[in-house]
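Heads up: the structure comes next, in structure tokens.
The values are calculated or read from the model by the stated rules, or taken from the named source; none is laboratory data. Owing to the predicted nature of the structure, the values given are computational and were not obtained by experimental measurement. Here the Cβ positions follow ideal geometry from the backbone for every residue, glycine too, while neighbour counts run over all protein chains shown.
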Amino acid sequence: MTIKEGQPAPDFTAPATSDTTLTLSALKGKKVVLYFYPKDSTPGCTTEGQNFRDLYPNFQEANCEILGVSKDSLRRHENFKAKQAFPFELISDEDETICRLFDVIKLKKMYGKEFEGIERSTFLIDEDGVVREIWRKVKVKGHAEEVLDAVHGL
């Protein structure tokens, strides 16, 4: 299933850091930035998370929550979150359920080998649970700022 702008975001419930279970529909009334990234503690993913962390107060002022999603375990997420002082929660999607709901599992190539993995993607969801903007094949540099501009544009 391919998600399009203007469609309701698919609902999900998943384990997250801070010993929480998050349900997307429970965040209605807030804007949500749902960003998918390949792996904790890798250079690009660390930089992306740091950029969202540094702009977090600006997102909060705009009534917007940030959630990071990868296939890493909760233990890895907790370590990554603590080490980087992320003020937002990270969702563990070890069985790829959410990744497949949002169609971010793609065939990738590295060192001549093909494998399935997360394509760095971000979804901006409005207060009513509708997807308002989608970024696929995200380049980290300047991305958090671009997302914040889109949040302000809602």
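What pairs can you find where one residue is in the stretch 23-36 and surrounded by 12 or more Cβ atoms within 10 Å (Cβ to Cβ), the other is part of a helix (DSSP H, G or I) and aromatic (Phe, Trp, Tyr), and their Cβ atoms are less than 9 Å apart, with a gap of 6+ or different chains?
The qualifying pairs are LYS31/PHE59; VAL33/PHE52; VAL33/PHE59; TYR35/PHE52.
Let's see how each residue does on (1) of a type in the set (Ser, Thr, Tyr); (2) over 25 Å from ALA150 (Cα atoms); (3) part of a helix (DSSP H, G or I):
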{"site": "GLU5", "(1), (2), (3)": "no, no, no"}
{"site": "ASP11", "(1), (2), (3)": "no, no, no"}
{"site": "PRO15", "(1), (2), (3)": "no, yes, no"}
{"site": "SER25", "(1), (2), (3)": "yes, no, yes"}
{"site": "TYR35", "(1), (2), (3)": "yes, no, no"}
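Looking at this structure, is VAL104 over 16 Å from GLY49 (Cβ atoms) and in contact with a Cys (Cβ under 9 Å, 6 or more places away or on another chain)?
Judged against the criteria, VAL104 is not a match.
Of the conditions (1) at pLDDT 95 or above; (2) in contact with an Asp or Glu (Cβ under 7 Å, 6 or more places away or on another chain), LYS106 fails just one. Which one is it?
(1)
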